[in-house]
Structure formats: structure tokens, C-alpha cells
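Accompanying notes for the structure given below.
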Amino acid sequence: MIFKDKIDRNLIIKNKKNVFKHVVRELYLRNDIPCLSECCPLPQKCHEKVNNISFTSLLQNDCMYLIPDMKTIELYLELFEHENLNNIIIAQTVFENVKQDKQRMIRKLLKTPLKHCIYFNNEMFLETYLERMKDETREHRNMRGEN
């Protein structure tokens, strides 16, 4: 594992006795998360990490990918089940912020090998991590990240 940066998230949590407690959560950003694309220019590095595990990879003949945002998932998730739609990349932030019934449908898509649908940890990848500004809600940060 190659850790490039470490980010501390400082939280103030109130417990049952109304006592405030300061908590620090560490987040390590990585630059070695495999992309699982057969079109990857670095196939050795990407695929050697997942060779012994059976992952669904993205199709080689179609090097076009569908990366839906939260609004698209909430409005049109049923369309992603169509047999001709494949090479779908579900971002971690999108998955975590959609409603639970939609998460079940996304899990079903991820488990279908013919869909070539993958889950990408964009919160832990160095190049896609977006830090939350002071007094910014989680939803606003995610909307800023979609632009």
C-alpha cells in the first residue's frame, strides 16, 4: 500500500451525559487503488493487486464508462438495469448518499457479472478526494465534487 497523505478529521461528539468529547479520525489517501479497466495504460500495476480475487472488470472493447451522480441514480436507476448498459462506475460518495432502497438495487447491479459494474472508493483515492470546507454540509461538498 502506498499512502501519500494523511488527513485528520476533527469531530466534537456529545454523549448521553451531555459531555462533549473531541474525536480525531484519520483518513489515509491512497494512490494505488486499481481502476479495474482492461483499457488501463498501466495494466500490470492495476491488475496485479486483484488477480487472485474474482472481480468484475470493465469491458475492453468499450472504453466508455458511465459514472452517474446522485440525482441520476435517484431518478433513473431502473434504466441501469437494461442489458445494453454496462461499464458503470458507482462512486463511493454516490452510493453512501442515496436512499437505502436504491442502495439495494445498486448492490444487485454490482453483483451482476454481465453488467460490468464496479464500485470505486473515491473518498480514499488521492486524486478524487475533496475536502469539506468549514461550515459546509456533506451534501454541498458532494454537489461541489460533481462539477
* Look through region 122-147, keep the residues that are among the polar types (S, T, N, Q) and exposed (fewer than 13 other Cβ atoms within 10 Å of the Cβ), and return whichever of them is modelled with the highest pLDDT. => T137
* Structure fact -> Over region 86-102, the set of residues surrounded by 15 or more Cβ atoms within 10 Å (Cβ to Cβ) and not β-branched (V, I, T) is N86, N87, A91, Q92, F95, N97, K102
* K71 being without any contact (Cβ under 8 Å) to a residue 12 or more places away in the chain and within 20 Å of S37 (Cβ to Cβ) -> no
* Exactly one condition in (1) among the β-branched types (V, I, T); (2) modelled with pLDDT of 70 or more; (3) farther than 17 Å from I89 by Cβ; (4) touching a strand residue (DSSP E or B) at 6+ places or on another chain (Cβ under 7 Å) is not met by I67; state its number. => (3)
* To do: Considering each of K4, K14 in turn, give the residue that is at pLDDT 70 or above and among the basic types (K, R).
  => K14
* Please give the number of the condition C39 fails out of (1) at pLDDT below 80; (2) of a type in the set (A, V, I, L, M, F, W, C); (3) surrounded by fewer than 12 Cβ atoms within 10 Å (Cβ to Cβ). => (3)
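The values are calculated or read from the model by the stated rules, or taken from the named source; none is laboratory data. Just so we're clear, the structure is a prediction, and the values are computed from it rather than from any experiment. Don't worry about glycine lacking a Cβ; one is built from the backbone with ideal geometry, like all the others, and counts go over all protein chains shown.
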